[in-house]
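The values are calculated or read from the model by the stated rules, or taken from the named source; none is laboratory data. Because the structure is predicted, anything quoted here is derived from the model rather than measured. Counting neighbours? That spans all protein chains shown, and the Cβs are built from the backbone with ideal geometry, glycine included.
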Amino acid sequence: SQQGEEDPQALSIQEGENATMNCSYKTSINNLQWYRQNSGRGLVHLILIRSNEREKHSGRLRVTLDTSKKSSSLLITASRAADTASYFCATPLIMYSGGGADGLTFGKGTHLIIQP
Amino acid sequence: KAGVTQTPRYLIKTRGQQVTLSCSPISGHRSVSWYQQTPGQGLQFLFEYFSETQRNKGNFPGRFSGRQFSNSRSEMNVSTLELGDSALYLCASSLATGSYEQYFGPGTRLTVT
């Protein structure tokens, strides 16, 4: 079963605007990751945020994590046409008491369309 | 460094046949995971291999199997194909097991007719 759930399912904005997408998950995690997928291709890792971090930046990306609400958000600033893609959050599938985990579980994704 | 490679990229098979997909991880990566992506179910974890051992398997029937070789390359096999097995199969490698960031290959698009 899927742990993460992205919202909205689809988002269409103008180039240059900011895009925000959210992810909610169900159980405790030690980290959360965001991936991007361009039309039917492989996924590209964007950012990993650990459970003891609240915010992380990478270029035009900003990710927040609120473990009390079991939610994360991905903000893309100054969007470009090349940002058109599906965005997925991923959480560990199985976590072990020692801190390790095996596999990732993904949400259904947010499909982002950047209009020129 | 070369990325994760998957072969073949596209495959058309008939119901009842079997298929083997191959994945070569990034050099130095010892963990390989496989995922199935369909429009209906989304991305689902199939299995993970580390040092030639299957660490974990998702909720898939026994028709789905895999293995990892000493050079970390991995194969997955699906026997007695069903129409519902049509999907994009993605392989991902990471430095070690433990939900580290994963690097995905371009996928193999399998169509079962």
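Please specify each residue of segment B:99-113 satisfying the condition of being touching a residue at least 40 places away in the same chain (Cβ under 8 Å), part of a loop (DSSP other than H, G, I, E, B) and at the interface with another protein chain (Cβ under 9 Å from one of its Cβ atoms).
B:Y100, B:Q102, B:G105, B:P106, B:G107
For segment A:1-56, give me each residue that is touching a Gly at 6+ places or on another chain (Cβ under 9 Å), surrounded by 19 or more Cβ atoms within 10 Å (Cβ to Cβ) and among the small types (G, A, S).
A:G4, A:G42
In segment A:41-93, what residues are closer than 30 Å to B:R109 by Cβ and acidic (D, E)?
The one that is closer than 30 Å to B:R109 by Cβ and acidic (D, E): A:D83.
Which residues, counting only those in segment B:46-55, are within 15 Å of B:N77 (Cα to Cα) and among the aromatic types (F, W, Y)?
If the condition is that a residue be within 15 Å of B:N77 (Cα to Cα) and among the aromatic types (F, W, Y), then B:F47, B:Y49 are the ones that fit.
Given (1) closer than 25 Å to B:N56 by Cβ; (2) more than 10 Å from chain B (Cβ to nearest Cβ); (3) in contact with a Leu (Cβ under 6 Å, 6 or more places away or on another chain), identify the lone condition not met by A:S28.
(3)
Please give the number of the condition A:G16 fails out of (1) on the phi > 0 side of the Ramachandran plot; (2) at pLDDT below 95.
It is condition (2) that A:G16 fails.
Out of A:T20, A:T91, report the one residue that is under 14 Å from the mean Cα position of the chain (by Cα), polar (S, T, N, Q), more than 14 Å from chain B (Cβ to nearest Cβ) and part of a strand (DSSP E or B).
The match here is A:T20.
When segment B:55-85 is examined, which residues are found to be within 13 Å of another protein chain (Cβ to nearest Cβ) and surrounded by fewer than 17 Cβ atoms within 10 Å (Cβ to Cβ)?
B:N59, B:F60
Find the residue count for segment A:67-83, including only residues that are farther than 11 Å from A:A19 by Cβ and exposed (fewer than 12 other Cβ atoms within 10 Å of the Cβ).
Number satisfying all stated conditions: 4.
Restrict the check to segment B:36-51 and report whether at least one residue is among the β-branched types (V, I, T) and either within 12 Å of chain A (Cβ to nearest Cβ) or within 13 Å of the chain's Cα centre (by Cα) (or both).
Yes, segment B:36-51 contains a residue that is among the β-branched types (V, I, T) and either within 12 Å of chain A (Cβ to nearest Cβ) or within 13 Å of the chain's Cα centre (by Cα) (or both).
Considering only residues that are of a type in the set (A, V, I, L, M, F, W, C), over 30 Å from B:P8 (Cβ atoms) and assigned to a strand (DSSP E or B), which ones fall in segment A:42-88?
A:I47, A:L48, A:I49, A:L61, A:V63, A:L65, A:L74, A:L75, A:I76
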